[in-house]
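**Q** Take this structure, written in structure tokens, and hold onto it; I'll ask about it next.
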Amino acid sequence: MSKIKVAELFYSIQGEGRYMGVPSVFLRTFGCNFKCAGFGMPRGELSGEADELSEVAHMFDRYEDLPLVSTGCDSYASWHPDFKNLSPMLESAAIVDRIMAILPKQRWEDEHLVITGGEPLLGWQRAYPDLLDHPSMQGLKEITFETNGTQKLSPDFASYLHRWKSHHDHDFFREVTFSVSAKLPGSGEAWAEAIRPEVVCEYEEYGNTYLKFVVATEEDIRDAERAVAEYRAAGFDGHVYLMPVGGVESVYTLNAKNVALAAMQRGWRYSDRLQLPLFSNAWGT
Ligand code: SF4
């Protein structure tokens, strides 16, 4: 039986992107290939908040007690090695049991599953078929992978996803979405590592794929335009969203309305972050 190192598993409302407002189970896997320490910082500077907190990591037994950060990656505990003990390695049957326990009717109805991270398309690709083929998961019809768009699909996982696509007219159909939050230079990650059009174009073969850029400044929007041009040149055909950053930081020059206006001017979509007004961005939301 396959195992996944699970950082968080909770039930909430999807606050972003295509499924905004949809009741969703969030499975947050452990591990990421990035750190995104540039979020909320002046260009060129990196946040040290996650590393500072790691020095007191031993004081926390539960995810929900961890401090929130206002700079860097807001999911730091889902990849920082000093917090790895908070993320148990669970067999797929145990994950399914937990999912059934948090669903309102203890079975899938109209809820959607979000597999997020960290970066959920790292090594865990090999474990998803076991999880998603479990008999109790048969009622699940919509799945989103929230990815940073840098990880190629393994041949095995790609052919597994293809099986669903080819069952479009049958009971077995599942709608797969790749919500690609590609990291712009404001994240602190290098362009060549973060903007991978050839990877994202491959996702389009297996599911509805869109780009979602988190922007805080006009410079970020110019970076998003440059990135979109690269994705389009490679053949990317999906929607583009702009989304404001979370938290409250003095370096942000664009509020949500300005981000919405910038999206409109370019014919792109706007994504809110409903988890902020609804739940104040707390863990487990
Ligand atoms: S890619 Fe996502 S999870 Fe990974 S460090 Fe960046 S913001 Fe955090």
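The values are calculated or read from the model by the stated rules, or taken from the named source; none is laboratory data. Note that the structure is predicted; figures quoted are calculated from it, not measured. Virtual Cβ from ideal backbone geometry, glycine too; neighbours counted across all protein chains shown. These accessible areas exclude ligands, DNA and RNA; they are computed on the full protein's heavy atoms, side chains included. Shrake-Rupley method; radii C 1.70, N 1.55, O 1.52, S 1.80 Å.
**Q** Could you list, in sequence order, the residues of the stretch 101-121 that are out of contact with any Phe, Trp or Tyr (no Cβ under 9 Å at 6 or more places or on another chain) and surrounded by 14 or more Cβ atoms within 10 Å (Cβ to Cβ)?
**A** Step one: of the stretch 101-121, the residues out of contact with any Phe, Trp or Tyr (no Cβ under 9 Å at 6 or more places or on another chain) are 101, 105-110.
Arg107, Trp108 - these are the residues of the stretch 101-121 that are out of contact with any Phe, Trp or Tyr (no Cβ under 9 Å at 6 or more places or on another chain) and surrounded by 14 or more Cβ atoms within 10 Å (Cβ to Cβ).
**Q** I'd like the residue in the stretch 72-110 that is outside any helix (DSSP H, G or I), small (Gly, Ala, Ser) and on the phi < 0 side of the Ramachandran plot and, out of all such residues, is farthest from the ligand (Cβ to nearest atom).
**A** Ser87
**Q** Can I ask one more? Within the stretch 21-29, identify whether any single residue is out of contact with any Leu (no Cβ under 8 Å at 6 or more places or on another chain), of a type in the set (A, V, I, L, M, F, W, C) and modelled with pLDDT of 95 or more, and answer yes or no. Quick ask: steps written out before the conclusion?
**A** First, the residues of the stretch 21-29 that are out of contact with any Leu (no Cβ under 8 Å at 6 or more places or on another chain): 22-23.
The next check asks that each one be of a type in the set (A, V, I, L, M, F, W, C); those that pass are 22.
Applying the additional criterion that residues be modelled with pLDDT of 95 or more yields 22.
Yes, some residue in the stretch 21-29 is out of contact with any Leu (no Cβ under 8 Å at 6 or more places or on another chain), of a type in the set (A, V, I, L, M, F, W, C) and modelled with pLDDT of 95 or more.
**Q** Something else: Return the pairs, sorted by first residue and then second, in which the second residue is within 14 Å of the ligand (Cβ to nearest atom) and outside any loop (DSSP other than H, G, I, E, B), the first residue lies in the stretch 31-57 and is touching a residue at least 60 places away in the same chain (Cβ under 8 Å), the beta carbons are less than 6 Å apart, and the residues are 6+ apart or on different chains.
**A** Correct list of pairs: Cys36/Ser187; Gly38/Gly186; Gly38/Ser187; Phe39/Ser187.
**Q** So, of the residues in the stretch 20-45 that are basic (Lys, Arg) and over 13 Å from the mean Cα position of the chain (by Cα), which turns out to be nearest to Asn85 (Cα to Cα)?
**A** Lys35
**Q** While we're here: Being within 17 Å of Thr116 (Cβ to Cβ), among the aromatic types (Phe, Trp, Tyr), part of a strand (DSSP E or B) and touching a residue at least 12 places away in the same chain (Cβ under 8 Å), is that true of even one residue in the stretch 171-183?
**A** The answer is yes; a qualifying residue exists.
**Q** Do we have any residue at all in the stretch 133-147 that's away from the ligand (no atom under 16 Å from the Cβ), under 24 Å from Pro23 (Cβ atoms), in contact (Cβ under 8 Å) with a residue 60 or more places away in the chain and not hydrophobic (A, V, I, L, M, F, W, C)?
**A** Looking for residues that are away from the ligand (no atom under 16 Å from the Cβ), under 24 Å from Pro23 (Cβ atoms), in contact (Cβ under 8 Å) with a residue 60 or more places away in the chain and not hydrophobic (A, V, I, L, M, F, W, C), one finds at least one in the stretch 133-147, hence yes.
**Q** So which residues in the stretch 223-270 are hydroxyl-bearing (Ser, Thr, Tyr), open to solvent by less than 60 Å² (accessible area, probe 1.4 Å) and at pLDDT 95 or above? Working first, answer last.
**A** Just the residues of the stretch 223-270 that are hydroxyl-bearing (Ser, Thr, Tyr), to begin with: 231, 241, 250, 252-253, 270.
Pick out the ones that are also open to solvent by less than 60 Å² (accessible area, probe 1.4 Å) and you get 231, 241, 252.
If the condition is that a residue be hydroxyl-bearing (Ser, Thr, Tyr), open to solvent by less than 60 Å² (accessible area, probe 1.4 Å) and at pLDDT 95 or above, then Tyr231, Tyr241 are the ones that fit.
**Q** How many of the residues making up the stretch 48-71 are more than 11 Å from the ligand (Cβ to nearest atom) and either aromatic (Phe, Trp, Tyr) or open to solvent by less than 80 Å² (accessible area, probe 1.4 Å) (or both)?
**A** 13
**Q** Next question. Which one of these is touching a Leu at 6+ places or on another chain (Cβ under 8 Å), of a type in the set (A, V, I, L, M) and away from the ligand (no atom under 16 Å from the Cβ): Val214, Val200, Val240?
**A** On the way: Val214 fails: away from the ligand (no atom under 16 Å from the Cβ); Val200 fails: away from the ligand (no atom under 16 Å from the Cβ).
Of Val214, Val200, Val240, the one residue that is touching a Leu at 6+ places or on another chain (Cβ under 8 Å), of a type in the set (A, V, I, L, M) and away from the ligand (no atom under 16 Å from the Cβ) is Val240.
**Q** Only residues that are over 20 Å from the mean Cα position of the chain (by Cα), part of a helix (DSSP H, G or I) and under 23 Å from Gln275 (Cα atoms): list them for the stretch 54-71, please.
**A** Correct list: Asp65 only.
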